[in-house]
Amino acid sequence: KNQVEQSPQSLIILEGKNCTLQCNYTVSPFSNLRWYKQDTGRGPVSLTIMTFSENTKSNGRYTATLDADTKQSSLHITASQLSDSASYICVVSRGGFKTIFGAGTRLFVKA
Amino acid sequence: DAGITQSPRHKVTETGTPVTLRCHQTENHRYMYWYRQDPGHGLRLIHYSYGVKDTDKGEVSDGYSVSRSKTEDFLLTLESATSSQTSVYFCAISEAGVNPSYNEQFFGPGTRLTVL
């Protein structure tokens, strides 16, 4: 079954600290993997996209990694800010219009 | 929200009534999508459109229909709303390409629908 599992479900960190969010998938065939950020009450916004041959992609303080062999991805947030409080969604595409969304990790950054 | 509007933003309706949600874009993107988002679930694709009058089903299309008569508008209709269709509905758009999955989807602000 094609699935995308994210962990943890929720996370609380102090402002300025780093954190890592996990995404495991059992999707086949694999085309690409995206991480989205979704602020409360808003639609998701893309942070990074990685294909099979890419294992790291950065976007400012966000760094995504991909291990296609173990079917795992992570999103590392450096020096967190209050504005990082949001849900982070891992999305794996099988190609074309076939995409599987994870349920997301809810991140709370506290002052 | 990348030139995408959804209307209404909030709606409360009763079981058995028809409901139409509208997505309007000003980006002239070819592909448009309707998703629903429920607690504990990822976004799930209801229907998508790959051109004017060209639509196809997603993974949770039962009970929903769509229409696209012009590039900028994509309508989602619940013919007879049920309580299980209470959800937040998102419209998304993306540019055309050889492999649509490589093109970023831009999402609208969402519509919160409650079916009593």
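Annotations for the structure displayed:
- Cleavage-rule hits, trypsin sites (Lys or Arg not before Pro), the range B:41-95, DSSP coil, Cβ neighbours within 10 Å at most 13: B:K53
- Scalar couplings 3J(HN,Hα) for the range B:63-74, obtained by applying the Karplus form with A = 6.51, B = -1.76, C = 1.60 to θ = phi - 60°, are x, 10, 9, 9, 8, 9, 9, 8, 3, 7, 10, 9 Hz; x denotes Gly and Pro.
- Calculated P(r) of the range A:67-111 - Cα pairs past 17 Å, %: 48 percent
- The range A:47-103: chymotrypsin sites (Phe, Trp or Tyr not before Pro) falling in loop per DSSP and having at most 15 other Cβ within 10 Å: A:F52
- Normalised by the number of residues in chain A, the mean separation of alpha-carbon contacts (under 8 Å, six or more apart) gives a relative contact order of 38 percent.
- Percent of alpha-carbon pairs separated by more than 26 Å within chain A: 14 percent
- Projection of the Cα convex hull of the protein assembly as shown, averaged over all directions and equal to a quarter of that hull's surface, yields 12.2 nm².
- Bridge type composition, the range A:3-111 - antiparallel percent by DSSP, nearest 5: 90 percent
- Rg and Dmax of chain B, based on Cα coordinates, read 13.3, 42 Å.
- Applied to the range B:102-116, the Karplus parametrisation 6.51 cos²θ - 1.76 cosθ + 1.60 on θ = phi - 60° returns per-residue 3J(HN,Hα) values of 7, 8, 4, 8, 9, 9, x, x, x, 10, 8, 10, 10, 10, 8 Hz, with x for Gly and Pro.
- Net charge of neighbours whose Cβ lies under 15 Å from the Cβ of A:V27, counting Lys and Arg as +1 and Asp and Glu as -1: +2
- Counting only DSSP beta bridges whose two residues both lie in chain B, roughly 90 percent are antiparallel.
- Averaging the sequence gap over all C-alpha pairs within less than 8 Å and six or more residues apart, then dividing by the number of residues, gives chain B a relative contact order of 35 percent.
Quick note: the coordinates plus some simple rules give every number you see, no bench work behind them. None of the values given here were measured: they were computed from a predicted structure. As a convention, Cβ positions derive from the backbone with ideal geometry for all residues, glycine included, and neighbour counts pool all protein chains shown.
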